[in-house]
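Colleague: I have a structure here, written as structure tokens, and I will follow up with some questions on it.
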Amino acid sequence: MSDRRSVLNLSVSKGAKKKVCNSENWKDNVAKAMKQSGQEYVSKKKKQTKPGKNFIPVKSCCNEKCFEKISETDQRELFHLFYDSGAKKVQDTHMASCMTLSKSADRSKKVENPKVNRECTWKYSIKCSGVEISICRQFLVDIYQVGIKRIRLLQKKVVEQTPLDDLRGKHGKQRKIEGN
């Protein structure tokens with residue numbers, strides 16, 4: 001009987017201690033975070049890159065002269081707040097909060113060119129010193145030094161009501177687990 005208990009005690013022993021996964025310390029993730037915050041980083045090809053975005057004051061944008069509504073010091077502050085956040089998701093959330101969707105007026109559709117008609121229009125505004133200031137898209141692009149395509153993708157996600165997650169490097173064709 002005592003031999004049986006000793007065998008049972010041996011079989012119940014704990015396994016090896018599992019390692020903790022620190023994905024923040026991986027080289028690729030460190031480089032990605034440094035790139036998003038505009039700092040120097042070592043690329044995958046082991047090349048040292050130049051620091052990213054430097055503040056450039058906006059001095060022209062549209063006929064309404066949006067750049068005159070916001071002073072250069074406020075522009076600098078907005079720029080640094082945007083890039084000091086670091087994560088792309090935080091930046092996208094901030095830019096999405098600067099855009100509001102408004103339905104366009106009903107227009108008669110032309111049969112010749114159906115792509116001309118817009119379904120909606122976008123209004124852009126920035127909160128500066130507690131006051132909401134209406135701006136143009138070009139000013140938003142210039143102040144944050146992003147491409148128009150990034151704004152278009154954000155608008156598409158807002159219209160489709162999909163999350164603003166960072167999907168770079170993810171293809172979505174993984175095998176599905178049965179039962180879930």
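Bear in mind that the values in this text are calculations on the coordinates, not laboratory data. Owing to the predicted nature of the structure, the values given are computational and were not obtained by experimental measurement. Note that we place each Cβ from the backbone using ideal geometry, even for glycine, and neighbour counts take in every protein chain shown.
Colleague: Filter the stretch 14-59 down to residues that are polar (S, T, N, Q) and closer than 25 Å to Gln138 by Cβ and give me whichever is surrounded by the fewest Cβ atoms within 10 Å (Cβ to Cβ).
Modeller: Within the stretch 14-59, the subset polar (S, T, N, Q) is 22-23, 25, 29, 36-37, 39, 43, 48-49, 54.
Restricting the remaining residues to those that are closer than 25 Å to Gln138 by Cβ gives 36-37, 54.
Working: Gln36: 19, Ser37: 16, Asn54: 10.
Step by step, filter the stretch 14-59, then rank; the result is Asn54.
Colleague: Return the pair list, or none, for Cβ contacts closer than 6 Å from residues in the stretch 131-154 that are closer than 21 Å to Lys53 by Cα to residues that are of a type in the set (Phe, Trp, Tyr) and not in a helix (DSSP H, G or I), at least 6 apart or on different chains.
Modeller: Arg137/Tyr124; Leu140/Tyr124
Colleague: Spot the failing condition for Asp166; the list is (1) part of a loop (DSSP other than H, G, I, E, B); (2) more than 18 Å from the chain's Cα centre (by Cα), and only one is missed.
Modeller: (2)
Colleague: Continuing with the same structure: Restricting the search to the stretch 121-163, which residues are touching a strand residue (DSSP E or B) at 6+ places or on another chain (Cβ under 7 Å) and assigned to a loop (DSSP other than H, G, I, E, B)?
Modeller: Passing the criteria: only Cys136.
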